[in-house]
Amino acid sequence: MGELRGATDIGAYLISTRSSDEYRAMFALSDADLRGRVLDCPGGGASFTAAARAHGTAAFAADPAYATPPPELVARLDAELACGSAWATANAERYVWRFHGDPAGHARLRADSAATFARDLLGSPGRYVAAALPHLPFRDGAFDLVLSSHLLFTYADRLDAASHVAALRELARVGAEVRVYPLVDQAGRTLPQLLDHVLAGLDAAGVRARVDDVPYEFQRGARSMLRLRSASSRPADTPPARVCGPRAPDPGRREWPA
């Protein structure tokens, strides 16, 4: 763990297993926000889609990791959990522990979330779409709300400004509203130049963007999200989208938007 203390790069992209309660807090989600079709992209190993579905939301997740056969992906989660927990524990001073209590509480919450995700993935794989930004297999306006956490800005060390703008434009293409959190990198550093470039690029593309405060802080200083609305957002009465491209196995009936 010593080599992680003070590090600014966690390594390979982490398959995180955040809970639905974390999603509600970091995206400032209300019950009304979850009444339509919702996409989590990248979904990773989060339990949000499973929990939202259990409460009646038409929720889906997209992530390149879902190209891995579900049993193999589930088997990877223990190692991903260990990596994330080791990072948070080694750099505990970078975090605010009000939500999780302490590193042990954080590890328990993420393990419970991973178990919920695993059950849902194995039982309903059709909800989990193998796809990567900036090319998603959904038509324009497929979703009422798109949530994107801990990819953009978080991995600013390997995703340049142009990649951010392309990814955000794609999210705005498929969603009437997009919320992105956090706006700091892995080490908790603010990214004012990157954010300015992104906002300018989105404005030039006709995507309305603003930064809003949220009632959540885990990484110190990560108290804001980016909210997007495209000028060409889908009207509420537009029929739902049909997913294109290869299909994941489905245990009975297809669950993707049709």
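The values are calculated or read from the model by the stated rules, or taken from the named source; none is laboratory data. Quick caveat: nothing in here was measured; it's all calculated off a predicted structure. All Cβ positions, even for glycine, are placed from backbone atoms using ideal geometry, and neighbour counts span all protein chains on display.
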Sole residue being at negative phi and part of a loop (DSSP other than H, G, I, E, B), chosen from PHE99, PHE60: PHE99
Candidates LEU171, LEU147, LEU151, LEU133, filtered to the one that is at pLDDT 95 or above, closer than 30 Å to LEU194 by Cβ and either surrounded by fewer than 17 Cβ atoms within 10 Å (Cβ to Cβ) or touching a Phe, Trp or Tyr at 6+ places or on another chain (Cβ under 6 Å) (or both): LEU147
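So for the stretch 110-126 (the condition being out of contact with any Cys (no Cβ under 7 Å at 6 or more places or on another chain), closer than 25 Å to PHE218 by Cα and acidic (Asp, Glu)), does at least one residue qualify? Before the answer, list the steps.
Going through the stretch 110-126, the residues out of contact with any Cys (no Cβ under 7 Å at 6 or more places or on another chain) turn out to be 110-126.
Subset that is closer than 25 Å to PHE218 by Cα: 110-118.
Checking the rest, the ones that are also acidic (Asp, Glu) come to 112.
The answer is yes, given that some residue of the stretch 110-126 is out of contact with any Cys (no Cβ under 7 Å at 6 or more places or on another chain), closer than 25 Å to PHE218 by Cα and acidic (Asp, Glu).
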The stretch 160-199, residues that are hydrophobic (A, V, I, L, M, F, W, C) and over 16 Å from the mean Cα position of the chain (by Cα): ALA161, ALA162, VAL165, ALA166, ALA176, ALA187, LEU191, LEU194, LEU195, VAL198, LEU199
Test: ASP112 is in a helix (DSSP H, G or I) and surrounded by fewer than 17 Cβ atoms within 10 Å (Cβ to Cβ): yes
The stretch 75-101, residues that are of a type in the set (D, E, K, R) and either modelled with pLDDT under 90 or surrounded by 13 or more Cβ atoms within 10 Å (Cβ to Cβ) (or both): ARG76, GLU80, ARG94
Single residue of ARG208, ARG253, ARG242, ARG234 found to be within 25 Å of ALA161 (Cβ to Cβ) and either at pLDDT below 55 or not in a loop (DSSP other than H, G, I, E, B) (or both): ARG208
Search result, residues across the stretch 174-201 that are modelled with pLDDT of 95 or more, among the small types (Gly, Ala, Ser) and surrounded by fewer than 19 Cβ atoms within 10 Å (Cβ to Cβ): ALA200, GLY201
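Can you name the residue in the stretch 138-158 that is among the hydrophobic types (A, V, I, L, M, F, W, C) and within 16 Å of the chain's Cα centre (by Cα) and is also nearest to PHE48 (Cα to Cα) among such residues?
Here is the first cut: in the stretch 138-158, the ones among the hydrophobic types (A, V, I, L, M, F, W, C) are 138, 142-143, 145-147, 151-153, 156.
Retained after the next criterion (residues that are within 16 Å of the chain's Cα centre (by Cα)): 143, 145-147, 151-153, 156.
Values: PHE143: 16, LEU145: 13, VAL146: 12, LEU147: 10, LEU151: 16, LEU152: 19, PHE153: 21, ALA156: 24 Å.
Looking at the filtered set, the residue picked out is LEU147.
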Residue ID - farthest from THR154 (Cα to Cα), chosen from residues in the stretch 54-70 that are touching a residue at least 24 places away in the same chain (Cβ under 8 Å), touching a helix residue (DSSP H, G or I) at 6+ places or on another chain (Cβ under 7 Å) and surrounded by fewer than 21 Cβ atoms within 10 Å (Cβ to Cβ): PRO70
Test result for ALA107, within 23 Å of ASP185 (Cβ to Cβ) and touching a residue at least 12 places away in the same chain (Cβ under 8 Å): yes
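Applying the selection to the stretch 63-96, what residues are outside any helix (DSSP H, G or I) and under 19 Å from SER149 (Cα atoms)? Can you show your working first?
Initial filter on the stretch 63-96 (outside any helix (DSSP H, G or I)): 63, 68-69, 91, 95-96.
Listed by number, the residues that qualify are ASP63, TYR95, VAL96.
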Test set (1) among the hydroxyl-bearing types (Ser, Thr, Tyr); (2) in a helix (DSSP H, G or I); (3) over 14 Å from the mean Cα position of the chain (by Cα) - TYR23 fails condition number: (3)
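Mind checking which residues of the stretch 135-161 are touching a residue at least 24 places away in the same chain (Cβ under 8 Å) and either in a helix (DSSP H, G or I) or within 26 Å of GLU72 (Cβ to Cβ) (or both)?
Of the stretch 135-161, the ones touching a residue at least 24 places away in the same chain (Cβ under 8 Å) are 135-157, 161.
HIS135, LEU136, PRO137, PHE138, LEU147, SER148, SER149, HIS150, LEU151, THR154, TYR155, ALA161 - these are the residues of the stretch 135-161 that are touching a residue at least 24 places away in the same chain (Cβ under 8 Å) and either in a helix (DSSP H, G or I) or within 26 Å of GLU72 (Cβ to Cβ) (or both).
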Matching residues, the stretch 79-97, being farther than 19 Å from ARG189 by Cα and either in contact (Cβ under 8 Å) with a residue 12 or more places away in the chain or among the β-branched types (Val, Ile, Thr) (or both): GLU80, LEU81, CYS83, SER85, ALA86
